[in-house]
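Down below is the structure, laid out as structure tokens.
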Amino acid sequence: MTLEVPLTDANPAALKETSNAVLSNNSDSSTAPASSSDVVIETRGLGKIYRDFWGRKKVHALKSLDIEVRKGEIFGLLGPNGSGKSTTIKLVLGLLFPTSGRAFVFGKEAAEVTKNERIGYLPEESYLYKFLNAEETLDFYGRLFDMPASVRRERTEQLIQMVGLQRARRRQLKEYSKGMTRRIGLAQALINEPDLLVLDEPTTGLDPIGSREMKDLILRLRDQGKTILMCSHQLADVEDVCDRIAILHQGELKELGRVDSLLKVQDVTEVHATGLSDAAKDEIRAVIAKHGGTLLQLDNPTTTMEDLFLDIVRESEARPGRRSGS
Amino acid sequence: MRLEPNQFWSLSEWLFREGSLLYGAALVITMAAFGFFVCYVVAMVRQGPGEGFFSIAKVIYDLFRTDLPKTSLSRIWAIAKLAFLEAIRRKVLAVIGIFIVGILFAGWFLDKSADDPAKLYISFVLTATNYLILLLGLFLSAFSIPADIKNRTIYTIVTKPVRPTEIVLGRVVGFSLIGSVVLAVLGLLSYVFVVRGLNHSHEVATIGSDGRNGVTDVAGAHSHNFRLNEDGKGVTDESKGHQHTVTATKVNGETVFKVGPPIGNLSARVPVYGSLTYTDRNGVVGEGLNVGYMSEYRKFIAGGSLSSAIWNFENVNESDFPDGLEIEMNIEAFRTYKGDIVTPVRGTLILRSPDETVESERVSFLVKESLDRKVIPLKLSGFRLNKPEKLELFKDLVVDGRMQIIIRCEDSQQYLGMAAADLALRAGEKSFAWNFFKGYVSIWLQMVIVICFGVMYSTFLSGPVAMVATLASLVLGFFGANIDTFFNSQYNGGGPVEAVVRILTQKGTMIDLDLGNQTLEQTIRTIDYGLMSGVSTLKSAVPDFGRLGTSDFIAYGVDLFDGLLARHLLIALGYFIMTTIIGYFFLKTREMAA
């Protein structure tokens with residue numbers, strides 16, 4: 001059962017305005033200032049204009065972006081298509097050059113090659129060589145980090161186990177499903193045990209189980225002290241894993257802050273309880289009325305579709321052949 | 001076989017005496033300055049003069065300060081291996097299949113009744129291999145990086161600690177590796193094809209009443225005459241560029257003849273070339289005559305006069321000629337009257353010491369107009385200061401390895417034509433297999449150059465455009481000599497604009513371009529000059545593939561000079577460095593995700 005109560009104003013429009021105000025106030029300043037050694041990514045007035053062959057301006061993709069991503073956090077870039085998320089990631093990785101401003105990674109210019117030694121990157125569609133198999137793929141990317149053969153073999157084994165591709169390790173990637181391709185893509189991003197992981201739409205193409213596993217993995221990596229920058233269209237994914245987010249729209253930064261602060265509606269109280277009788281619920285309604293509050297909702301909560309799906313799949317795996325709930 | 005005198009130069013002569021090193025250095029400096037200027041102009045337009053200069057300077061600084069010193073062999077090898085695997089899995093080895101089919105058909109069509117079947121066979125396999133390998137290099141190299149950029153697989157490369165130098169070098173090494181594997185297989189197949197294709201055996205068909213003269217049967221569209229010595233051994237005459245040994249042995253009272261395998265058709269003669277000068281009818285040093293041919297390769301001397309062709313040799317070592325001085329010559333005759341067409345024009349050969357005080361007796365010969373061999377004995381008659389004397393070749397005529405050979409034409413009003421490479425001393429013989437291998441090394445060098453150009457173009461052009469650009473470089477390289485001829489105005493009719501005007505105004509190439517307006521004529525010539533200068537400059541920047549081809553050496557059975565091969569290796573190295581730097585520059589300044 002969930003119960004939500006606005007303490008001051010029952011008008012939804014007013015509520016939205018208020019919460020927006022809270023969001024704005026809860027921007028980056030709400031978190032403790034980071035020391036410069038904690039800053040993994042920093043952009044200063046970062047801007048990008050795409051031009052055509054003749055140098056004429058086509059799109060102003062990013063306008064003066066200032067963000068800092070700190071060590072050990074999961075930072076999400078959120079926004080609709082064309083908002084500048086991917087452009088920001090590409091600028092940070094040095095795949096694009098800024099038209100204005102600068103981007104630093106580990107204190108180095110984004111175009112500096114040596115920064116890549118500590119970075120893992122999972123592109124939007126796991127752009128890998130389809131004629132290689134999983135082992136060859138990981139061995140190849142390991143070589144790019146000058147890793148000794150024994151270390152490459154060990155890491156390849158670990159990562160193939162981790163992403164669950166043991167049985168497909170010798171198949172060429174062109175035979176892989178999209179989910180498998182994402183998993184080997186993630187494995188290549190982790191080959192060098194990076195300090196910073198840049199994930200472009202990490203759950204795209206994954207089924208709900210794969211998506212959940214990916215999110216769990218992201219959280220585990222964060223717990224291991226890695227920094228993660230990700231962008232996603234999946235708002236639920238961002239909400240589930242990100243510590244802080246930046247919301248972009250039309251190339252401009254619209255919001256920046258901790259997810260829990262940004263999502264918190266200050267003037268609504270939420271109580272979760274179990275085992276309450278109808279009489280007890282009536283009593284609660286009375287208490288709210290007595291204190292001048294407005295009861296917005298008193299109901300049994302619904303689970304998420306993701307949780308429902310995962311429960312069914314788990315039960316099916318545990319007891320094959322039986323219909324769920326029967 | 002045509003050889004320009006500069007092809008005889010040793011590596012040190014080419015590098016130092018003939019100024020190639022200086023020319024190369026000047027070319028590098030000019031190219032670097034030109035490249036910097038063009039890049040600066042582009043950067044200035046995009047970023048302004050100050051920022052533009054800074055960004056160009058930074059790329060150059062990065063190249064020498066970090067990217068070059070920190071280039072990792074391991075990463076180059078990783079990318080090379082990837083390129084190799086990519087090529088293998090894209091079924092590049094099918095080229096070998098195409099070649100096998102090609103030589104199977106060639107086995108039917110190559111004419112064994114030709115004068116020199118060995119030349120035909122070797123020319124065929126070398127030319128086929130050369131074109132096939134260059135095309136392979138072209139297609140492999142031009143599409144790879146653009147495909148990576150198009151498929152965005154390059155994202156996962158450049159976000160690793162990979163430097164642009166490593167991407168360029170990795171590709172070049174990888175494609176060269178796969179090309180080398182294909183070339184090695186093709187070379188092996190070619191060798192087997194040539195050796196097996198030319199191998200044949202004869203039986204003795206008829207034997208004379210004396211039991212020593214005979215004729216073999218016809219095999220491979222030819223037969224041989226032979227004469228046995230008293231010991232029952234002999235050698236056949238030369239036919240189709242080879243001979244056979246013949247031995248006669250008594251078995252149970254009957255004479256059994258055995259004809260051996262062909263000798264001399266697969267050879268690698270080691271020639272000693274000299275520099276050639278001419279004298280006119282009065283014996284005064286001149287330039288030789290032009291009898292009206294467009295080609296200036298051969299110059300002519302007039303018959304029945306003191307007009308001479310004089311070869312000056314510098315490396316005549318006694319150890320190379322233990323059985324006498326073997327001379328190979330290929331002299332052309334030009335007749336001003338038909339006369340007795342069956343009887344060849346007559347020539348004279350004289351050996352002379354470099355100080356011109358001692359000379360041999362005249363050796364008369366009939367000009368065969370094909371390869372002719374003469375052996376001068378080690379002891380011979382001659383003249384010292386015009387007094388007859390018995391001479392020893394290496395004591396009296398050769399001084400410090402130097403000697404002269406003089407050719408004159410005996411028949412008045414007839415002419416003999418020759419180039420420097422048309423007369424050489426045969427200083428022994430090397431292994432044909434080794435020479436064949438060197439010919440393939442030469443093809444390999446050309447392939448590497450094409451790959452270098454393909455990879456360079458692919459760093460800034462899309463796949464099809466890079467392929468066309470590489471192909472254009474190849475064509476420009478093959479026909480570069482013609483461009484130089486055009487540019488030097490050796491052809492009548494002017495440049496492209498003047499030629500169009502002449503076509504439109506119906507004016508022949510041999511008359512003046514008289515348009516009635518001198519300013520207009522001058523403008524046309526100036527535009528033509530600009531166009532031809534541009535093309536000529538472009539031509540200078542691409543390798544002269546015509547000169548890099550050495551298949552004639554192998555086909556004509558001449559040992560490919562190590563100095564020439566080393567020169568080609570240096571040229572390839574120069575282009576490798578140039579294209580790598582240009583490729584680096586473009587990759588470094590390119591936005592991979594743009």
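We did not get these values from a lab; they are worked out from the coordinates using the rules stated. This is a predicted model, so every value here is computed, not measured. All Cβ positions, even for glycine, are placed from backbone atoms using ideal geometry, and neighbour counts span all protein chains on display.
Between the range B:445-485 and the range B:179-253, how many Å separate their Cα centres?
Using only Cα atoms to place each centre, the spacing works out to 45 Å.
Simple spin-label model, 7 Å along Cα-to-Cβ: residue A:291 to residue A:312 in nm?
For the pair residue A:291/residue A:312, the computed spacing is 3.9 nm.
Could you give the DSSP H helices of chain B that reach 18 angstrom or more along their long axis (alpha carbon positions) and whose average Kyte-Doolittle hydropathy is no lower than 0.5?
Counting only whole DSSP H runs, the qualifying helices are B:20-47, B:73-89, B:94-109, B:117-151, B:164-198, B:432-458, B:463-478, B:562-589.
Taking beta carbons within 10 Å but only from partner chains, what does the mean come to for residues A:144-150?
Counting Cβ atoms of other protein chains within 10 Å of each residue's Cβ and averaging gives 4.
Can you figure out the FRET efficiency of residue B:66 with residue B:42, using R₀ = 22 Å and their beta-carbon distance, to the nearest 0.05?
Using R0 = 22 Å, I get an efficiency of 0.45.
How large is the charge dipole for the protein assembly as shown, taken about the Cα centre, if only the Cβ atoms of Lys, Arg (+1) and Asp, Glu (-1) carry charge, to the nearest 20 debye? It would help to have the intermediate numbers written out before the result.
Working: 100 positive and 104 negative charges, 118 e Å.
Dipole magnitude for the protein assembly as shown comes out near 560 debye.
Compute the semi-axes of the equivalent ellipsoid of the range B:10-70, taking the square root of 5 times each eigenvalue of the Cα gyration tensor, and list them largest first in whole Å.
33, 16, 6
Put a dot 7 Å past each Cα toward the Cβ at residue B:285 and residue A:51; how far apart are the dots in nm?
Between residue A:51 and residue B:285, the label points sit 6.2 nm apart.
When Cβ neighbours within 10 Å are restricted to other protein chains, what is their mean count per residue of peptide A:87-97? Walk me through the numbers before you get to the answer.
Numbers: counts 1, 0, 1, 6, 2, 0, 5, 5, 9, 4, 7.
The per-residue average across the peptide is 4.
Go through B:233/B:430; B:368/B:438; A:130/B:81; A:174/B:588; B:299/B:438; A:48/A:90 and tell me which ones have a Cα-Cα distance over 22 Å in this structure.
Too far apart for the 22 Å limit: B:233/B:430; B:368/B:438; A:174/B:588; B:299/B:438.
With the calculation restricted to Cα positions, what are the radius of gyration and Dmax of the range B:270-429 in angstrom?
15.3, 45
From Cα pairs below 8 angstrom and at least 6 apart in sequence, can you work out the relative contact order of chain A, rounded to a whole percent?
30
Report relative contact order for the range B:204-259 in percent, whole number only (criteria: Cα-Cα under 8 Å, sequence separation at least 6).
Values: 98 pairs, mean separation 12.4, N = 56.
Relative contact order, the range B:204-259: 22 percent.
Can you give the percent of C-alpha pairs in the range B:361-404 whose distance is more than 16 Å?
Values: 459 of 946 pairs.
Tail fraction, whole percent: 49.
Using the Cα atoms of chain A, I'd like the radius of gyration and the largest Cα-Cα distance, Dmax, both in angstrom.
Calculated on Cα positions, Rg and Dmax stand at 23.4, 75 Å.
So what's the gap between the Cα centers of the range A:139-174 and the range A:63-123, to the nearest angstrom?
Using only Cα atoms, the two centres lie 26 Å from each other.
Report ³J(HN,Hα) in whole Hz for each residue of the range A:291-304, in order, from the Karplus equation J = 6.51 cos²θ - 1.76 cosθ + 1.60 where θ = phi - 60°; Gly and Pro get x.
These are the phi-based 3J(HN,Hα) values: 8, x, x, 10, 6, 8, 7, 9, 7, 7, x, 9, 7, 8 Hz.
How high is the FRET efficiency between residue B:566 and residue B:98 when r is their beta carbon distance and R₀ equals 30 Å, given to the nearest 0.05?
That pair, residue B:566 with residue B:98, gives E of 0.40.
Of the candidates A:116, A:81, A:133, which one comes out as most mobile in a Gaussian network treatment of chain A with C-alpha springs shorter than 10 Å?
The residue with the greatest mean-square fluctuation here is A:81.
Please list log₁₀ I(q)/I(0) at q = 0.14, 0.22, 0.23 Å⁻¹ for the range B:204-259, using the Debye equation with identical point scatterers on the alpha-carbon positions.
Log10 I(q)/I(0), no solvent term: -0.34, -0.79, -0.85.
Determine the gain in length on full extension of the stretch residue B:32-residue B:519; use 0.36 nm per residue of separation and subtract their C-alpha separation, reporting nm with one decimal.
Gain on stretching residue B:32 to residue B:519: 171.6 nm.
I want the local charge near residue B:462. Using Cβ-Cβ distances under 14 Å, sum +1 for each Lys or Arg and -1 for each Asp or Glu among the other residues.
Here the charged neighbours net out to +1.
In peptide B:159-167, how many Cβ atoms from other protein chains are near each Cβ within 10 Å, on average?
That works out to 6 on average.
Using unit Cβ charges (K, R positive; D, E negative) and no other charged atoms, how large, in debye to the nearest 20, is the dipole of the range A:27-263 about its Cα centre?
740
Mind ranking B:251-260, B:569-578 by how tightly packed they are, going by the mean number of other C-beta atoms within 10 angstrom, highest first? Please list the in-between numbers first.
Details: B:251-260: 11.5, B:569-578: 16.9.
The densest-packed peptide leads the list: B:569-578, B:251-260.
If you wrap a convex hull around the alpha carbons of the protein assembly as shown, what volume per residue comes out, as a whole number of Å³?
Details: hull volume 260.2 nm³, N = 920.
It comes to 283 Å³ per residue, whole-number rounded.
Compute the FRET efficiency between residue B:131 and residue B:312 as 1/(1 + (r/R0)^6), taking r as their Cβ-Cβ distance and R0 = 45 Å, and round to the nearest 0.05.
Values: r = 38 Å, r/R0 = 0.85.
Result of the calculation: an efficiency of 0.70.
Before anything else, pin down the relative contact order of chain B: Cα pairs under 8 Å, at least 6 apart, normalised by residue count, whole percent.
Relative contact order comes out at 17 percent.
Under a GNM of chain A (C-alpha, springs under 10 Å), which listed residue has the highest mean-square fluctuation: A:123, A:80, A:202?
Answer for the Gaussian network model of chain A: A:80.
Using a simple spin-label model with points 7 Å from Cα along the Cα→Cβ vector, what separation in nm is obtained for residue B:366 and residue B:12?
4.6
Can you list the lysines whose alpha carbon sits under 19 Å from that of residue A:264, skipping same-chain ones fewer than 8 residues off?
Of all the lysines, those that pass the test against residue A:264 - Cα under 19 Å, at least 8 places apart if same chain - are A:16, A:254.
Okay, helix-only estimate at 222 nm for the protein assembly as shown: each DSSP H run of n ≥ 4 adds -39500 (n - 2.57), divide by all residues, round to 500 deg cm²/dmol; what do you get?
-14000 deg cm²/dmol
Can you give me the Kirkwood hydrodynamic radius for chain B, using every pair of distinct Cα atoms, in Å to one decimal?
Mean inverse Cα-Cα distance, inverted, gives 28.4 Å.
In the Gaussian network model of chain A, springs joining C-alpha atoms below 10 Å, which of A:85, A:281, A:130 carries the largest mean-square fluctuation?
It is A:281.
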